[in-house]
Amino acid sequence: MAYTQCAPAYASHHNDGQYSQYGPYPVTSSTRSFVTTWLLALLVGTLGLDRFYLGKLGTGLLKLVTFGGLGVWALVDLVAVLCGAGHDKDGLPLAGYREHRLVAWTITAVVTATACGVSWWAYRNGYSDGEIGTYQY
């Protein structure tokens, strides 16, 4: 037999799963945009600009100095933003996540697949050893 917790009759259900006897309390979100944070994390995540945008100056500077933790930190931040775990310096969720998450995931998948395809093509055609831009005299 499974145990389920039921809300009292006077309680109201909120978006975050919490109940209150006084009715819903406002769910606040950040003034920072999900789309802007996602684009910064996708395009220049190794420079820490997404962290600077969110107001996290200390970790933004650390991410800048380490080149996004040699890419690992940048990748983790990108996935965190895409999964909805991105918050600003006050811990508030980013505005517009629910409306734009599917488009963000789709574009990220297309960009990643394109980059992998171009890299594979360059490797197969011998451009991986620095021959691009060299001239034979």
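The values are calculated or read from the model by the stated rules, or taken from the named source; none is laboratory data. Just so it is clear, the model here is predicted, and its values are computed rather than measured. We place every Cβ from the backbone using ideal geometry, glycine too, and count neighbours over all the protein chains shown. Protein only, heavy atoms only, side chains kept; ligands, DNA and RNA dropped before computing areas. Shrake-Rupley method; radii C 1.70, N 1.55, O 1.52, S 1.80 Å.
Surface listing: THR37, THR106, THR66 arranged by accessible area from highest to lowest gives THR106, THR66, THR37, probe 1.4 Å.
In order along the range 53-68, the phi-based Karplus estimate (6.51 cos²θ - 1.76 cosθ + 1.60, θ = phi - 60°) of 3J(HN,Hα) comes to 4, 7, x, 9, 5, x, 6, x, 5, 5, 5, 5, 5, 9, 6, x Hz; Gly and Pro are listed as x.
In a reduced charge model with +1 at each Lys and Arg Cβ and -1 at each Asp and Glu Cβ, the range 34-123 shows a dipole moment near 60 debye about its Cα centre.
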